Amino acid sequence: MASTLGAFIEIDSSSAVAEPAAVAHKDRQKTGNLPNELTQGGPAVPLEELSGTRTPTTPQDVESAPQTPSEAPAPPVNLVPSLTNPPQNRWRFISSCLMFFAHGMSDSAPGALIPYIEKAYNIQYAVVSMIFVANAVGFIMAAPLTHLLDTRLGRSKTVILCMSLLIAGYVAILAHPPFGVVVVAYFVIGVGLATMLSLNNVFLANLDKGTEILGAAHGAYGIGGTIAPLIATAMASHGVRWSYFFSINIAVSLVNVFYGGWVFRDYEQDNPVQLMAALQRTASHREDGLAARKKSPLKDAIKNTVTLLGALFIFAYQGAEVSNSGWIVSYLINYRNGDPAQVGYVSSGFWAGITIGRLVLTHFARRIGERVTVLALTIGTIVCQLLTWLLPNIIGQAVAVAIVGLLQGPVYSCAMVIFNRLLPRNIQTISIGLCGAMGSSGGAIAPFVTGLAAQQVGTVVLHPICLGLYGTMVVSWLCLPRVPKRSE
């Protein structure tokens with residue numbers, strides 16, 4: 001009996017040893033080479049201790065098992081937008097350049113046309129300057145609306161709207177209405193230009209290598225600013241009514257309506273930065289609830305130090321730019337006895353300098369540093385403005401004016417890149433819109449004050465006014481906070 005029981009126990013023990021060996025062999029086929037102790041029936045060692053992972057034994061375990069290199073997750077999507085990310089951005093960049101081109105034509109034409117507008121309506125400097133004021137009021141009215149239009153309508157419909165406003169204003173001027181209607185038309189044009197300017201500045205400045213890209217786009221602005229006085233002077237000096245020039249602006253704006261509306265149709269879905277911003281806004285609303293919904297980005301933008309200093313800087317910059325462009329021809333005619341048919345081209349030289357500066361000098365700005373570049377170029381502009389004032393002949397002054405444009409050209413795009421780096425992303429569009437509105441205000445107030453003063457003491461007041469504005473630029477630029485480049 002005992003021997004029989006012992007035999008039974010012995011047989012059962014051997015089967016208990018054999019079974020783990022079989023299991024170990026089965027696992028060995030799945031997991032690769034294992035230690036000899038396990039394959040040869042040695043002491044059982046848990047597979048977790050050998051491989052550092054737990055052997056999956058259930059379907060749930062299999063699904064949660066570590067992934068092999070071939071099953072590794074795909075690399076994260078690059079959220080830094082560029083001209084090729086997404087691919088549609090290259091066509092949007094071209095559309096932005098065309099819009100800036102139209103903007104340059106709109107801004108530079110009055111400088112060459114002012115003598116003919118004065119003659120057609122029999123008005124003086126102070127009255128004709130109202131077109132600058134109306135344009136500035138349009139910019140100011142558009143500043144708080146730009147962000148609202150973009151979020152409610154989307155980029156494509158907003159582009160179509162602002163280009164349609166430009167067309168309406170140009171059509172009104174083309175009809176040669178009473179001067180009061182011309183002033184109202186410039187207000188409408190200001191609203192359209194302000195909306196387009198702030199949206200495109202934010203879009204381009206946030207791209208990879210934004211300094212060069214924004215410089216190229218503003219170079220297109222300079223090309224428009226160079227061509228417009230040439231065409232306007234040639235037309236008006238040969239007896240063509242001054243208002244017919246705006247038929248060219250209408251044609252360019254029509255192209256922008258259809259092309260811009262098409263390329264920006266999927267902007268919110270295509271652009272990773274816009275998608276991330278939308279997700280962040282949604283998350284913020286869920287976390288903060290009603291308080292987040294009541295928060296006003298406009299109030300945040302107005303209280304932001306960078307917004308205020310940037311607005312002052314752009315106010316002075318554009319005031320000096322438009323004053324030089326708008327009054328240098330009148331200065332040369334009245335103070336230097338220049339021929340209107342010839343000195344009208346000096347304004348084109350100024351804009352040609354701006355164009356070359358934005359296309360060429362901007363490439364060096366990122367290597368040197370945008371902050372240092374803006375300061376150095378502004379100081380150089382002050383020196384050349386003095387030469388424009390003091391040189392005794394028209395040729396020398398025309399060259400100095402062109403150099404002023406060359407040095408001033410890259411300043412705007414470099415400044416916008418710095419502002420975008422310092423501004424929180426949730427107020428970028430509004431802040432840049434406010435800067436643009438203040439810039440247009442400077443582009444209205446400075447020429448208007450120049451016109452009032454010129455009526456009393458002569459157009460020589462152009463130069464001290466511009467020098468004061470350049471000094472304001474230097475002071476406001478030095479007061480900007482030094483915040484590291486945003487990493488988001």
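Worth a mention:
- Number of residues in the range 209-245 that are more than 20 Å from residue 155 (Cβ to Cβ), hydrophobic (A, V, I, L, M, F, W, C) and surrounded by 24 or more Cβ atoms within 10 Å (Cβ to Cβ) equals 4.
- Selection of the range 388-404 for residues being closer than 18 Å to residue 337 by Cα and of a type outside the set (S, T, N, Q) yields 389, 390, 391, 392, 394, 395, 396, 398, 399, 400, 401.
- Residue that is modelled with the highest pLDDT [pool: residues in the range 355-389 that are surrounded by fewer than 19 Cβ atoms within 10 Å (Cβ to Cβ) and among the charged types (D, E, K, R)]: 371
- Neighbours by Cβ (under 7 Å, 6+ apart or cross-chain): first from the range 229-249, β-branched (Val, Ile, Thr); second at pLDDT below 85: 233/112; 233/344; 233/345
- Check on residue 400, in contact with a Pro (Cβ under 6 Å, 6 or more places away or on another chain) and either in a helix (DSSP H, G or I) or crowded, with 24+ Cβ neighbours inside 10 Å (or both): no
- One residue alone among 392, 424, 464 is surrounded by fewer than 20 Cβ atoms within 10 Å (Cβ to Cβ) and either small (Gly, Ala, Ser) or under 30 Å from residue 150 (Cα atoms) (or both), and that residue is 424.
- Qualifying positions in the range 382-401 - within 16 Å of residue 323 (Cα to Cα) and more than 33 Å from the chain's Cα centre (by Cα): 389, 397
- Count of the range 74-99 residues, restricted to those that are at pLDDT 85 or above and touching a Pro at 6+ places or on another chain (Cβ under 7 Å), is 1.
- Any chance residue 407 is assigned to a helix (DSSP H, G or I) and either charged (D, E, K, R) or under 30 Å from residue 335 (Cβ atoms) (or both): yes
- Residue in the range 343-354 that is within 19 Å of the chain's Cα centre (by Cα) and either modelled with pLDDT under 85 or buried (at least 20 other Cβ atoms within 10 Å of the Cβ) (or both) present: yes
Matching residues to (1) small (Gly, Ala, Ser); (2) surrounded by fewer than 17 Cβ atoms within 10 Å (Cβ to Cβ); (3) in a helix (DSSP H, G or I); (4) modelled with pLDDT under 90:
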{"site": "136", "(1), (2), (3), (4)": "yes, no, yes, yes"}
{"site": "149", "(1), (2), (3), (4)": "no, no, yes, yes"}
{"site": "163", "(1), (2), (3), (4)": "no, no, yes, no"}
{"site": "183", "(1), (2), (3), (4)": "no, no, yes, no"}
{"site": "191", "(1), (2), (3), (4)": "no, no, yes, no"}
{"site": "207", "(1), (2), (3), (4)": "no, no, no, yes"}
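The values are calculated or read from the model by the stated rules, or taken from the named source; none is laboratory data. Bear in mind the structure is a predicted one, so any value in this text is a computation, not a measurement. All Cβ positions, glycine included, derive from the backbone under ideal geometry; neighbour counts span all protein chains shown.
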